[in-house]
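The values are calculated or read from the model by the stated rules, or taken from the named source; none is laboratory data. Predicted model only: the values in this text are computed from it and were never measured. For neighbour counting, all protein chains shown are included, and Cβ atoms are generated from backbone atoms with ideal geometry for every residue, glycine included. Protein only, heavy atoms only, side chains kept; ligands, DNA and RNA dropped before computing areas. Shrake-Rupley method; radii C 1.70, N 1.55, O 1.52, S 1.80 Å.
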Amino acid sequence: AYFVDNVVAYFLSKLFVEVPMTLVQYIVMFILVYYLMDMQGDFMILVLSTFGLGMVSNSVAMALGCMVPDVKDVTELAPLVYVPQILFGGFFIRTGEIPVFMRWAQYICSMKYAMNLILLNEFRADRDTCQGPDAAKNCREIISSNGVDGNIFYVYIILLFGLFMVFRLLGVFILIQKAKRFY
């Protein structure tokens with residue numbers, strides 16, 4: 001009971017420090033990147049999409065850190081968690097190019113949901129860069145080849161938040177179990 005309160009207090013205090021710091025980092029990053037790359041999407045949607053990805057990544061790292069006894073082990077396991085995110089998230093390989101029998105993995109990758117939000121924001125049909133027949137065709141192709149459904153924009157947000165919560169709570173649960181054994 002005593003250690004449960006301590007674990008929850010630790011996670012909440014860490015969260016209250018992490019959220020503003022992470023948000024400021026992404027705002028500063030996009031202040032530079034947005035204008036240098038002449039992006040057309042809504043600035044805050046881009047910031048919040050990457051912020052959501054960053055918070056899920058922090059949560060995964062925290063859960064992983066709570067699972068293993070040594071920091072060295074976490075650094076060795078981290079690529080096993082994050083490399084599939086890159087492969088199945090649609091960043092380097094379009095979802096349509098992933099073999100059908102492996103496409104299920106995209107649904108457990110937070111990067112996929114953040115990429116979907118960013119793609120929908122940047123390549124919507126009403127953007128200046130998507131005007132004209134060829135440009136509109138390219139924008140539609142980018143959206144469709146990555147398996148992005150424009151009708152479920154808010155579902156992607158909810159899924160990012162859900163993954164954030166699952167991994168945070170997993171970290172809390174694991175740390176509570178370790179504290180029980182320790183005390």
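Quick test for you: out of GLY89, GLY171, GLY150, pick the one residue that is touching a residue at least 60 places away in the same chain (Cβ under 8 Å) and either surrounded by 13 or more Cβ atoms within 10 Å (Cβ to Cβ) or among the polar types (S, T, N, Q) (or both). Even if it seems obvious, please write down each step before you answer.
Numbers: GLY89 fails: touching a residue at least 60 places away in the same chain (Cβ under 8 Å); GLY150 fails: touching a residue at least 60 places away in the same chain (Cβ under 8 Å).
Matching residue, one of GLY89, GLY171, GLY150: GLY171.
Here are some conditions: (1) in contact (Cβ under 8 Å) with a residue 40 or more places away in the chain; (2) buried (at least 21 other Cβ atoms within 10 Å of the Cβ). ILE45 meets all but one. Which one does it not meet?
Among (1) in contact (Cβ under 8 Å) with a residue 40 or more places away in the chain; (2) buried (at least 21 other Cβ atoms within 10 Å of the Cβ), ILE45 violates only (2).
Please specify each residue of segment 97-114 satisfying the condition of being closer than 28 Å to PHE167 by Cα and either among the polar types (S, T, N, Q) or surrounded by fewer than 20 Cβ atoms within 10 Å (Cβ to Cβ) (or both). Step through it out loud before you land on a result.
Initially, segment 97-114 is screened for residues closer than 28 Å to PHE167 by Cα, giving 98-114.
Scanning segment 97-114 gives ILE98, PRO99, VAL100, PHE101, MET102, ARG103, TRP104, ALA105, GLN106, TYR107, ILE108, SER110.
What's the total number of residues in segment 124-141 that are surrounded by 16 or more Cβ atoms within 10 Å (Cβ to Cβ) and either part of a helix (DSSP H, G or I) or not charged (D, E, K, R) (or both)?
3
Considering each of LEU117, LEU163, LEU159 in turn, give the residue that is in a helix (DSSP H, G or I), in contact with a helix residue (DSSP H, G or I) (Cβ under 7 Å, 6 or more places away or on another chain), modelled with pLDDT of 85 or more and open to solvent by 60 Å² or more (accessible area, probe 1.4 Å). Step through it out loud before you land on a result.
Details: LEU117 fails: open to solvent by 60 Å² or more (accessible area, probe 1.4 Å); LEU163 fails: open to solvent by 60 Å² or more (accessible area, probe 1.4 Å).
Residue meeting the stated conditions: LEU159.
I need the full set of residues from segment 121-159 which are out of contact with any Ser or Thr (no Cβ under 9 Å at 6 or more places or on another chain) and either of a type in the set (Val, Ile, Thr) or closer than 20 Å to GLY52 by Cα (or both), in order please.
THR129, ILE142, ILE143, ASP149, GLY150, ASN151, ILE152, PHE153, TYR154, VAL155, ILE158
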